[in-house]
Amino acid sequence: MLDESAPGRYKPAMNWLSNFVLPKIRAVVTKKPVPDNLWTKCLGCEQMLFHRELEANLRVCRNCGHHLRISADQRLKILFGEGDFTRIELPKTIVDPLKFRDRRRYSDRLREGQTTLGAGSDAVVVAHGEIGGFPAVVAAFEFQFMGGSMGVAAGEAVVAAAKLAVLQEAALILVPASGGARMQEGALSLMQMPRTILAADMVKEKGLPYIVLLTDPTTGGVSASFAMVGDITLAEPGAVVGFAGARVIEETIHEKLPEGFQRAEYLFDHGMVDLVVPRAELHTTLARILGLLRAPNPAATAAAVTPGAL
């Protein structure tokens with residue numbers, strides 16, 4: 001073919017088969033990679049759940065009602081009812097105070113968690129906003145970060161949340177999701193148990209509501225501290241709540257534990273939980289509770305009584 005832009009030169013003719021037909025055929029027959037996170041297996045009924053439907057249902061199985069674990073950010077959106085809330089910057093704490101190492105360096109574990117969840121992240125996220133028109137401070141544990149274990153940073157976050165609640169005269173809502181104290185920080189992690197209880201007392205002494213929402217799992221040092229001293233204790237359906245694991249208890253006492261032991265419903269039946277609330281009803285329930293606690297005497301119009309009617 002004559003190249004008009006360069007007289008006397010020829011350019012090769014376009015190979016129609018290789019440049020047009022062949023790519024079309026390859027696009028049809030080539031298998032496109034399928035993302036591996038489109039389906040999630042329910043741990044309750046073992047059904048495969050499509051990710052869009054699961055997220056639309058707040059990660060609750062439509063078949064059996066099993067509540068799958070969610071992130072701290074998702075928790076904040078649910079509790080604040082998709083309303084405005086502001087995350088606060090938490091105090092900086094000492095990193096790897098014991099220079100601990102097991103199969104891996106503790107500093108490497110921290111770095112991995114922060115790479116996944118963001119720089120400066122740890123096991124607790126704190127935010128403030130309004131729930132049902134009432135000011136509230138929420139401290140939610142992030143189970144994806146080292147199993148939500150409570151170390152110095154987590155303790156500082158709970159204390160910071162309590163101080164903010166007192167400053168704003170707001171309710172304090174704590175949402176534990178933890179395997180307990182962080183063993184990589186030794187006795188320093190155990191010291192967070194009395195510190196978090198003192199933080200809760202700080203809120204109570206000011207006459208402000210302190211509400212705990214138990215989620216799956218709430219175990220170890222977390223369940224033995226601030227998680228069990230709430231003014232009102234709520235729990236999600238099926239949440240595991242206890243100190244030691246059921247298997248450890250059975251091996252220790254050499255007895256078979258009751259059905260559903262350490263589940264939210266079992267604790268509700270035995271008076272340790274005030275209410276078991278499905279995830280979709282959490283915002284409405286908290287708004288109603290805060291309304292009762294913060295405005296116990298709502299304005300009412302006196303009804304006229306006709307003489308002789310009584």
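Would you mind listing the helices (runs of 4 or more DSSP H) fully within the range 237-297 where at least 1 residues are within 21 Å of Ser71 (Cα to Cα) and modelled with pLDDT of 90 or more? Please lay out each step first, then the result.
On the way: elements: 246-253, 264-269, 282-294.
It comes to 264-269, 282-294.
Restricted to the range 119-144, and to residues that are free of Cβ contacts under 8 Å to residues at least 40 places away in the same chain and over 19 Å from Met193 (Cα atoms), which residue is surrounded by the most Cβ atoms within 10 Å (Cβ to Cβ)?
As a first pass, look at the range 119-144 and keep what is free of Cβ contacts under 8 Å to residues at least 40 places away in the same chain: 119-122, 126, 135, 137, 139.
Next cut, over 19 Å from Met193 (Cα atoms) only: 119-121, 135, 137.
Values: Ala119: 7, Gly120: 10, Ser121: 19, Pro135: 16, Val137: 26.
Among residues in the range 119-144 that are free of Cβ contacts under 8 Å to residues at least 40 places away in the same chain and over 19 Å from Met193 (Cα atoms), the one surrounded by the most Cβ atoms within 10 Å (Cβ to Cβ) is Val137.
Here is a check on your reading of the model: is Leu198 under 16 Å from the mean Cα position of the chain (by Cα) and within 25 Å of Ala244 (Cβ to Cβ)? Outline the logic, then answer.
On the way: under 16 Å from the mean Cα position of the chain (by Cα): no; within 25 Å of Ala244 (Cβ to Cβ): yes.
Judged against the criteria, Leu198 is not a match.
What's the total number of residues in the range 65-84 that are assigned to a loop (DSSP other than H, G, I, E, B), within 16 Å of Asp216 (Cβ to Cβ) and either small (Gly, Ala, Ser) or under 15 Å from the mean Cα position of the chain (by Cα) (or both)?
At the first step, the residues of the range 65-84 found to be assigned to a loop (DSSP other than H, G, I, E, B) are 65-66, 68-71, 80-84.
Checking the rest, the ones that are also within 16 Å of Asp216 (Cβ to Cβ) come to 65-66, 68-71.
Right, trim to either small (Gly, Ala, Ser) or under 15 Å from the mean Cα position of the chain (by Cα) (or both) and you get 65, 68-71.
Of the residues in the range 65-84, 5 are assigned to a loop (DSSP other than H, G, I, E, B), within 16 Å of Asp216 (Cβ to Cβ) and either small (Gly, Ala, Ser) or under 15 Å from the mean Cα position of the chain (by Cα) (or both).
Output yes when any residue across the range 21-40 is at pLDDT 85 or above, closer than 30 Å to Pro278 by Cα and under 19 Å from the mean Cα position of the chain (by Cα), and no when none is. Can you show your working first?
Of all residues in the range 21-40, those at pLDDT 85 or above come to 38-40.
Checking which are closer than 30 Å to Pro278 by Cα leaves us with 38-40.
Still in the list and also under 19 Å from the mean Cα position of the chain (by Cα): 40.
Looking through the range 21-40, at least one residue is at pLDDT 85 or above, closer than 30 Å to Pro278 by Cα and under 19 Å from the mean Cα position of the chain (by Cα).
State the number of residues belonging to the range 213-231 that are farther than 21 Å from Met183 by Cβ, surrounded by fewer than 24 Cβ atoms within 10 Å (Cβ to Cβ) and of a type in the set (Val, Ile, Thr).
Residues meeting the conditions: 1.
Exactly one condition in (1) assigned to a helix (DSSP H, G or I); (2) touching a residue at least 60 places away in the same chain (Cβ under 8 Å); (3) surrounded by fewer than 23 Cβ atoms within 10 Å (Cβ to Cβ) is false for Val159; which is it?
It fails just one condition, (2).
Looking at Arg87, Arg101, Arg62, Arg52, can you tell me which residue is under 18 Å from the mean Cα position of the chain (by Cα) and at pLDDT 90 or above?
On the way: Arg101 fails: under 18 Å from the mean Cα position of the chain (by Cα); Arg62 fails: under 18 Å from the mean Cα position of the chain (by Cα); Arg52 fails: under 18 Å from the mean Cα position of the chain (by Cα).
Within the list Arg87, Arg101, Arg62, Arg52, the selection yields Arg87.
Here are some residues: Gly260, Gly271, Gly238. Which one is at positive phi and in contact (Cβ under 8 Å) with a residue 60 or more places away in the chain?
Details: Gly260 fails: in contact (Cβ under 8 Å) with a residue 60 or more places away in the chain; Gly271 fails: in contact (Cβ under 8 Å) with a residue 60 or more places away in the chain.
None of the others qualify; the one that does is Gly238.
Can you find even one residue in the range 248-266 that is surrounded by 14 or more Cβ atoms within 10 Å (Cβ to Cβ) and under 22 Å from Gln168 (Cα atoms)?
Scanning the range 248-266, I find no residue that is surrounded by 14 or more Cβ atoms within 10 Å (Cβ to Cβ) and under 22 Å from Gln168 (Cα atoms), so the answer is no.
Hey, does the range 183-201 have a residue that's outside any helix (DSSP H, G or I), at pLDDT below 95 and either crowded, with 21+ Cβ neighbours inside 10 Å or not hydroxyl-bearing (Ser, Thr, Tyr) (or both)? Write out each step before concluding.
Step one: filter the range 183-201 for residues outside any helix (DSSP H, G or I), giving 191.
From what's left, at pLDDT below 95: none.
Scanning the range 183-201 turns up no residue that is outside any helix (DSSP H, G or I), at pLDDT below 95 and either crowded, with 21+ Cβ neighbours inside 10 Å or not hydroxyl-bearing (Ser, Thr, Tyr) (or both).
The values are calculated or read from the model by the stated rules, or taken from the named source; none is laboratory data. This structure is a prediction, so every number in the text was calculated from the model and none was measured. Glycine also receives a Cβ, built like all others from the backbone with ideal geometry; neighbour counts cover every protein chain displayed.
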